[in-house]
Every structure is written in structure tokens, then in C-alpha cells.
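A.B. asks: The structure's right below; bear with me while I get my questions together.
The values are calculated or read from the model by the stated rules, or taken from the named source; none is laboratory data. Note that the structure is a prediction, hence the values are computed from the model and not measured. Positions of Cβ are backbone-derived with ideal geometry, glycine not excepted, and every protein chain shown enters the neighbour counts. Surface areas here come from the heavy atoms of the whole protein model, side chains and all, with no ligands, DNA or RNA. Shrake-Rupley method; radii C 1.70, N 1.55, O 1.52, S 1.80 Å.
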Amino acid sequence: MPYSERGVPDDTDGPPVTRLYHRGQGHSGRWPGDCVTCGRDVASFLHSLRVGVTENVTTTATSVTSTNGGTTPPCLQWRDVLVLDWCDVSDDSGMVKGLKGAGIPVQVMKDDDMEDVATAHSDVVCVTSGDRVCGLERKVVVCLNDLVTTRMFSMSRCTSQLLIVSKRRVSDVITH
């Protein structure tokens with residue numbers, strides 16, 4: 001029997017989950033990690049979260065006549081985002097090309113980058129294979145492929161927003 005919508009939100013302690021789908025016009029490759037369009041879709045989602053956006057804010061204290069102007073740091077920085085695939089990732093992958101093409105600063109994690117990624121020293125989105133960063137936590141985790149093992153590892157590292165990019169909708173899997 002297929003699942004149906006209940007009309008009320010589920011109570012959870014976990015982060016919000018958003019889903020994007022690797023299918024339709026413009027999508028290429030077998031998996032979301034191979035697809036430039038999926039990379040652009042993920043970039044659009046990150047921009048909607050206002051990751052990396054800073055605003056010029058002028059503050060004036062009522063008891064002081066001076067005005068302090070400055071740039072406030074963004075709520076989310078690029079270093080707060082982790083993109084996990086369950087395959088080896090390279091600079092030539094569609095996902096990385098799509099993210100870079102949309103202006104996202106991306107670092108594909110290499111063995112030499114482990115300390116930098118662990119400490120989030122560089123303000124870049126790290127893209128890596130999920131099995132290379134067990135236990136690493138970020139505010140926003142993008143999980144490529146909707147395999148149960150991938151989701152479980154990704155959710156254990158996500159504190160604020162989980163984005164799953166999968167090949168098909170859960171309802172497609174249940175009804176087919």
C-alpha cells in the first residue's frame with residue numbers, strides 16, 4: 001500500500017531535509033555527481049540559503065553620536081557546507097563544474113587537504129567521497145545519491161540543513 005500525505009508536519013529533532021532530483025531536461029550522467037545541471041541546482045539552493053552573502057550594515061548607538069559602519073559576517077559561510085558523494089570525486093565531475101560555474105568556491109578534498117577540511121580553515125565548499133570524512137560535522141550537508149548508507153552517514157554530520165539529490169522520488173520507488 002502506498003504512503004499518503006497526512007496533512008500535518010512530523011515532529012522531529014533532526015534538520016530540515018530538502019530534495020532535488022536528477023532527472024528531466026538538461027540532466028546528464030548516471031548519477032547526480034556526474035551532472036552539471038545538478039551542480040547548478042545545488043548552487044541555486046545554496047544561494048537561496050544566502051550562503052556566503054555579506055551585507056553592509058550601518059549601526060548607530062542612541063547614546064553615542066558616532067556611527068560605526070562595517071560588513072557583517074554571513075550567517076552561513078561556504079566552509080559550513082559539505083558535499084558528499086559515494087563515489088570518488090574529481091575537479092572534472094559534473095557537480096563540481098556546475099558549482100564552480102555558478103560562482104561557488106569549491107575544493108575537492110585530496111589527502112593533503114584533510115586537516116584544512118577538518119578545521120574548516122579555508123572558506124570553501126568541500127566536495128568529497130562520504131567515506132573519507134566520517135564524523136565531520138557541517139551546518140549544511142549535500143548528499144548526492146539517495147542510498148540508505150549515504151543518507152545515514154550524511155545525516156550524522158548535518159546540523160542545520162540536509163539536501164539530498166537523488167535519481168528519483170521516494171514515491172517512484174514505492175509505486176514501481
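A.B. asks: What is the sum of charges, Lys and Arg at +1 and Asp and Glu at -1, for the other residues whose Cβ falls under 13 Å from the Cβ of HIS47? Let's see the in-between values first.
C.D. replies: Numbers: positive: ARG40, ARG50; negative: ASP41.
Once all neighbours under 13 Å are counted, the net charge is +1.
A.B. asks: Determine the order of THR54, THR37, THR128 by accessible area, beginning with the largest, at a probe radius of 1.4 Å. Write down the numbers at each step before the final one.
C.D. replies: Working: THR54 75, THR37 30, THR128 5 Å².
Correct descending sequence by accessible area is THR54, THR37, THR128.
A.B. asks: What is the gain in length, in nm to one decimal, between SER90 and CYS134 on full extension, counting 0.36 nm per residue of separation less the C-alpha to C-alpha distance? Present the calculation step by step, with values, prior to reporting the outcome.
C.D. replies: On the way: separation 44, 0.36 × 44 = 15.84 nm, distance 1.90 nm.
Contour length minus the Cα-Cα distance gives 13.9 nm.
A.B. asks: For the range 12-53, just say rounded, prolate or oblate: build the C-alpha gyration tensor, square-root its eigenvalues into a ≥ b ≥ c, call rounded for a/c under 1.5, and beyond that prolate if a/b exceeds b/c, oblate if not. Write down the numbers at each step before the final one.
C.D. replies: Details: a/c = 2.87, a/b = 1.50, b/c = 1.90.
Oblate.
A.B. asks: Leaving ligands, DNA and RNA out of it, work out the accessible area of MET114 with a 1.4 Å probe and give it in Å² to the nearest 10.
C.D. replies: In the full protein context, MET114 sits at about 90 Å².
A.B. asks: Okay, moving on. Residues of the range 106-129 with the amide nitrogen closer than 15 Å to a label point 7 Å from the Cα of THR159, along Cα-to-Cβ, please.
C.D. replies: Only 118-121 pass the distance filter.
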